[in-house]
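Have a look at the structure below before the remarks.
The values are calculated or read from the model by the stated rules, or taken from the named source; none is laboratory data. Computed from a predicted model, the values in this text were never measured in an experiment. As a convention, Cβ positions derive from the backbone with ideal geometry for all residues, glycine included, and neighbour counts pool all protein chains shown. These area figures cover heavy atoms from the full protein model, side chains too; ligands, DNA and RNA do not enter into them. Shrake-Rupley method; radii C 1.70, N 1.55, O 1.52, S 1.80 Å.
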Amino acid sequence: MKKTGIFYGSTTGTTAGIARRIARVLGVSNDDIHDVAVTAPSVLGEYELDIIGSSTWNNGDVQPDFYDFLDGAQALDLRGHRIAIFGCGDESMSDSFNSAIGDIYKKLRDTGAVFVGEFNADGYDFDDSAAEINGHIVGLMLDEVNHADLTDSRIAAWVKTLKA
């Protein structure tokens, strides 16, 4: 089993770019970065750590390519695996900021995987997010629209938690 795989859905290219930035920080090969639009969910099983990223669309939805991927992934047995989630959102959508993170978490929580990479959302100003579960943000929240200047430092801090 390979160490780390990164899986993303991206319509405008922002989330794809973030996936590559995370890969650089972790030293993950381009061969281990996967677009969910053209990747079978079973590929998640090839890795010890699955890093999964989506932007948030409309009223808190995952990026459209994720629907079939997550439906297939729900059936997997990922015991012994770790999952970390990241999302790209726009803080001005304050009632659903980065909610795709929470949707991915909810879809995959019964796979047996252990979730890692909780995030401290200090510095953001939003009213609600499905990414907040039981008082914790269950993944890395990024905002390339309003806080692009913080992205690199947030990625660096988050990646350190994944290595622990």
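In contact with a strand residue (DSSP E or B) (Cβ under 9 Å, 6 or more places away or on another chain), within 22 Å of SER10 (Cα to Cα) and of a type in the set (Gly, Ala, Ser): which single residue out of ALA113, ALA73 fits that description? When all the criteria are applied, what remains is ALA73.
Restricting SER92, SER96 to residues that are open to solvent by less than 80 Å² (accessible area, probe 1.4 Å), in contact (Cβ under 8 Å) with a residue 12 or more places away in the chain, among the polar types (S, T, N, Q) and not in a helix (DSSP H, G or I) narrows the list to SER96. Out of the residues in segment 122-164 that are touching a residue at least 12 places away in the same chain (Cβ under 8 Å) and of a type in the set (Ser, Thr, Tyr), state the one that is farthest from PHE97 (Cα to Cα). Among those that are touching a residue at least 12 places away in the same chain (Cβ under 8 Å) and of a type in the set (Ser, Thr, Tyr), it is THR161. Taking the numbered list (1) modelled with pLDDT of 95 or more; (2) of a type outside the set (Phe, Trp, Tyr); (3) open to solvent by less than 30 Å² (accessible area, probe 1.4 Å); (4) touching a helix residue (DSSP H, G or I) at 6+ places or on another chain (Cβ under 7 Å) in turn, LEU76 passes all entries but (3). Scanning segment 132-158 for residues that are on the phi > 0 side of the Ramachandran plot and either open to solvent by 70 Å² or more (accessible area, probe 1.4 Å) or in a helix (DSSP H, G or I) (or both) gives a single hit, ASN134. Residue-level analysis places SER129 among those that are at pLDDT below 95, crowded, with 21+ Cβ neighbours inside 10 Å and either more than 14 Å from the chain's Cα centre (by Cα) or in a loop (DSSP other than H, G, I, E, B) (or both).
Test ILE52 against the stated conditions and say whether it is under 19 Å from THR15 (Cβ atoms), in a strand (DSSP E or B) and aliphatic (A, V, I, L, M). For ILE52, the condition - under 19 Å from THR15 (Cβ atoms), in a strand (DSSP E or B) and aliphatic (A, V, I, L, M) - is met. May I ask you to list the residues in segment 1-15 that are open to solvent by less than 10 Å² (accessible area, probe 1.4 Å) and hydrophobic (A, V, I, L, M, F, W, C)? Scanning segment 1-15 gives ILE6, PHE7. Selection of segment 15-74 for residues being among the small types (Gly, Ala, Ser) and without any contact (Cβ under 8 Å) to a residue 24 or more places away in the chain yields ALA16, GLY17, ALA23, GLY27, SER29. Does any residue of segment 45-53 turn out to be open to solvent by 10 Å² or more (accessible area, probe 1.4 Å) and more than 20 Å from VAL114 (Cα to Cα)? No: segment 45-53 contains no residue that is open to solvent by 10 Å² or more (accessible area, probe 1.4 Å) and more than 20 Å from VAL114 (Cα to Cα). Scanning segment 13-49 for residues that are within 22 Å of SER153 (Cβ to Cβ), of a type in the set (A, V, I, L, M, F, W, C) and not in a strand (DSSP E or B) turns up ALA16, ILE18, ALA19, ILE22, ALA23, VAL25, LEU26, VAL28.
Tell me, yes or no, whether segment 26-34 has at least one residue that is under 17 Å from ILE104 (Cβ atoms), small (Gly, Ala, Ser) and either within 15 Å of the chain's Cα centre (by Cα) or open to solvent by 10 Å² or more (accessible area, probe 1.4 Å) (or both). For segment 26-34, residues under 17 Å from ILE104 (Cβ atoms), small (Gly, Ala, Ser) and either within 15 Å of the chain's Cα centre (by Cα) or open to solvent by 10 Å² or more (accessible area, probe 1.4 Å) (or both): absent. Of all the residues in segment 100-126, those that are assigned to a loop (DSSP other than H, G, I, E, B) and under 11 Å from ALA84 (Cα atoms) number 3.
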